[in-house]
1. At a Förster distance of 45 Å, what's the computed FRET efficiency of Ala299 paired with Ser399, Cβ-Cβ distance as r, to 0.05?
2. Find the centroid of the Cα atoms in region 55-114 and in region 342-420, then give the distance between the two in whole Å.
3. Using all Cα-Cα distances in region 359-487, what percent lands in each 5 angstrom bin from 0 up to the longest?
4. Once you have a ≥ b ≥ c as the square roots of the Cα gyration tensor eigenvalues for region 230-363, tell me rounded if a/c is under 1.5, and otherwise prolate or oblate according to whether a/b is larger than b/c.
5. Answer with a single label: of (1) 31.5; (2) 21.2; (3) 26.1, which was calculated as mean projected area of the Cα convex hull in nm² from the structure in view?
6. Using a ≥ b ≥ c from the Cα gyration tensor of region 42-96 (square roots of the eigenvalues), is it rounded, prolate or oblate, where a/c under 1.5 gives rounded and otherwise the larger of a/b and b/c decides, a/b for prolate?
7. Name the residue farthest towards the positive end of the dipole of the chain from the options Val163, Asn478, Leu106, assuming +1 on Cβ of Lys and Arg, -1 on Cβ of Asp and Glu, about the Cα centre.
8. Using +1 on the beta carbon of Lys and Arg, -1 on that of Asp and Glu, and nothing else charged, what's the dipole of region 110-154 about the Cα centre, debye to 20?
Amino acid sequence: MFFLTLDANTHEPMNRKYSITLLLAVLALAGILFYRTTLREREVVILSTNDIHANITNFARLAEAVEQCRDTVATVLVDAGDRWTGNAFVDLADGRRPIYDLMNELGYDAATLGNHEFDRGTAFLRDAVEYADFDIVCANVKNVSADFMDMRPSVTIKTDDGVRIRFVGVVTNYDNGHPDGNNEIFEGLEFPDPMEAACAAAADRDGSEVLVLLSHMARDKDFEFAERCDRYDVIIGGHSHDVVDTLVNRTVIGQTGNKLRMVGATRIRLKGNRIKSIDYENIPLDRYGEDDDFAERVAEIQSNPDLLKNVGTLGVALDRVGLADMETTLVARAMDADIGFYHYGGIRLAELPAGGVSMATLFDLEPFFSQIYTMTMTPQQMRDMIITKYNDTGNAKESHRIDLFSTTPYTIVLDERGEATDVLFPKLREGKAYKVAMADYIAKKYDYEASDVERHSEKVLDVVAEHFRDYSPVVFSNVPKQKTVRR
């Protein structure tokens, strides 16, 4: 039964008074919601890094840039993968933790995985993911039987003034079913197609106003993905080491190159809950001074005397071709092989000046702990390997260039379309079997035929270091032994 209650002072029905109060509250809430969704303007900046490769020298400048941004606007800090492999002071430290220590201290919010995060295997990476104070997300890693965890595909971050940004992560994948790297480090994991995974993950925005893809797929793949799937507002890319600032199919795409030379700044303005504008810029970090605390921390990390001590001297400055001449020659010599091969991507320095050379510098040149393989190959088998790699359609960033340096000179013959059709070896005899030495990346990743394939315990870095200790000053040639010609 319903009873009408009177207020003792006003003699008005109590339910009427409460109804009016409720109505006013609803109207006020509606006004607030109307203001927030249609009138209120908000701004957020996403600062981003990618392919740091443990090059922490500029981290104090990054810290200064981040702090200046945080002082003026809501700021989110993210990374698009490949945080280590490239600096002895990080990569030879326990757990490679110095890079994560710095990122934790600076307050990164989210990151995805790059292919080099897997370099030391799944158990090693699991410990790093657990050590990170920020969210690491990747939508296309599936744990089947590895000593690993189930990765979160995405995370939503809410700024202090209520802007919700959803970050989805993906890592590149190739025809072999996993990212760049030797097969054994990916055992127990599966890597579904990153584009399909990214598009599927975009279906759940989790109420966010902004949707961002942290992509370690490379520039061309990012462009292709943006043409296929237009659900993302921003793609923050990595892997190809390109400097990117563009718009593809209404999606803003940015990438900062590599080695922490720049920081990406994505400025997003909203009116209510709708995006009003998005602007991306790559900002060189040399514009900033150094944060004192981080400068001291970096100096401490990079003060290992064993790594700073010179192991020898270089008698003449070497460019990438000269460094290739050094590595191919020393790999072949160490194995008493007729021919040495080394791949372009394995030579991680563009140049090396004459003078003293430390172990840290040699590690920067060869940071992969690569072991040496030997095998027997004929000129035709070498020819097939070179042509297949040159015309590679599955890994465009490594194709249609001289990718395989060698101690033996050769010329790649190109047709009118720029495709390799033949390889000329002026110093080899057709049909003869030659002993060939190469680093394990070529032996495991490249398509070739050979016999007597053997993996050795010798590491490329140790072979190079030993040569510097025994034969300084070291001299090699910058004159190319490989070339292309059109016919």
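The values are calculated or read from the model by the stated rules, or taken from the named source; none is laboratory data. What you are looking at is a predicted structure, and each value in this text was computed from that prediction instead of being measured. When we count neighbours, we look across all protein chains shown, and the Cβ atoms used for this are built from the backbone with ideal geometry, even at glycine. Side chains included, ligands, DNA and RNA excluded: accessible areas come from the protein's heavy atoms. Shrake-Rupley method; radii C 1.70, N 1.55, O 1.52, S 1.80 Å.
1. About 0.65, to the nearest 0.05.
2. 31
3. Spelled out per bin, shortest first, that is 2, 9, 16, 19, 20, 17, 10, 5, 1, 0.
4. Values: a/c = 3.67, a/b = 1.82, b/c = 2.01.
The shape class here is oblate.
5. (1)
6. It comes out prolate by the Cα gyration axes.
7. So the residue we want is Val163.
8. Here the size comes out at about 180 debye.
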